[in-house]
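> Sharing a structure here in structure tokens format.
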Amino acid sequence: MIPTAGHEGWYEVGPAVAALGEGRFTARGTELHDALAEELPALIERAGTRVEQADIVFTHSSSTPAWTRVGQAFGFADKIFHIYPETGNVVSASIPAAMARARRAGRLSRGDRVMFLMGSAGMSFALGQFVF
């Protein structure tokens, strides 16, 4: 939600949503990535994957420092292909866009073991893997 002028009486705006004021989107990225880090061991176990076996990791395009911090904690920081600095947050297109950019950059080749991670508003998280 982005609070707008004249919202009074239509919806309540809590301090977490309106931290930056009217007309400004407030992201809670640090909290999102911290929650993802808490859930990641269970996601890894359910997927039956070993993160160290991934050749490349694609993530939802959000904070590069936050994803790097999560990657460092779980041993895959050097495998993340970040696109956020160039594209910003491209939401549900994050992983496909990163894959396309990695392919063009020569960082994704047939036979590579791919892992992908996403974390999104509402604290929904996913981890998947496949061979490209």
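Read-outs throughout are calculated quantities, based only on the coordinates presented, and are distinct from any laboratory measurement. Since the model is a prediction, treat every value here as computed from it, not as a measurement. Counting neighbours? That spans all protein chains shown, and the Cβs are built from the backbone with ideal geometry, glycine included.
> Measuring from label point to label point, each 7 Å out along Cα→Cβ, what is the Asp112 to Ala47 span in nm?
With each label point 7 Å from Cα toward Cβ, the separation is 1.5 nm.
> Follow-up. Counting C-alpha atoms alone, how compact is region 29-131: give Rg to one decimal and Dmax as a whole number, in angstrom.
Computed over the Cα atoms of region 29-131, radius of gyration and Dmax are 12.5, 35 Å.
> Taking the Cα atoms only, what angle lies between the long axis of helix 29-47 and the longest principal axis of the chain, rounded to 10 degrees?
The helix 29-47 is inclined about 40 degrees to the chain.
> Per the helix-only calculation at 222 nm, which mean residue ellipticity applies to the chain, given -39500 (n - 2.57) for every DSSP H run of n ≥ 4 and division by its residues, nearest 500 deg cm²/dmol? Write down the numbers at each step before the final one.
Numbers: 4 runs with 45 residues, N = 132.
Estimated from H runs of four or more residues: -10500 deg cm²/dmol.
> Further question on the same structure: Any idea what angle helix 94-104 forms with the longest principal axis of the chain, computed on alpha-carbon atoms, 0 to 90 degrees, nearest 10?
Once rounded, the angle reads 40 degrees.
> Sticking with this one: Rank by packing, highest mean first: peptides 59-67, 30-38, with packing defined as the count of other Cβ atoms within 10 Å averaged across residues. Walk me through the numbers before you get to the answer.
Numbers: 59-67: 20.4, 30-38: 16.1.
So the peptides 59-67, 30-38, ranked by packing, come out 59-67, 30-38.
> Could you tell me the center-to-center distance, by alpha carbons, between region 1-74 and region 84-109 in angstrom?
18
> Please give the net charge around Gly111, taking every other residue with its beta carbon less than 14 angstrom from that of Gly111, where Lys and Arg add +1 and Asp and Glu add -1. List each step's numbers first, then the result.
On the way: positive: Arg103, Arg107, Arg110, Arg113; negative: Asp55, Asp112.
Cβ neighbours under 14 Å give a net charge of +2.
> For region 88-125, list residues with backbone N below 18 Å from a point placed 7 Å from the Cα of Thr4 toward its Cβ?
What the label zone holds, given the 18 Å backbone N cut-off, is no residue at all.
> Work out how much length Ala35 to Asp55 would gain on full extension: take 0.36 nm times their residue separation and subtract the Cα-Cα distance, in nm to one decimal.
Working: separation 20, 0.36 × 20 = 7.20 nm, distance 2.46 nm.
Here the answer is 4.7 nm.
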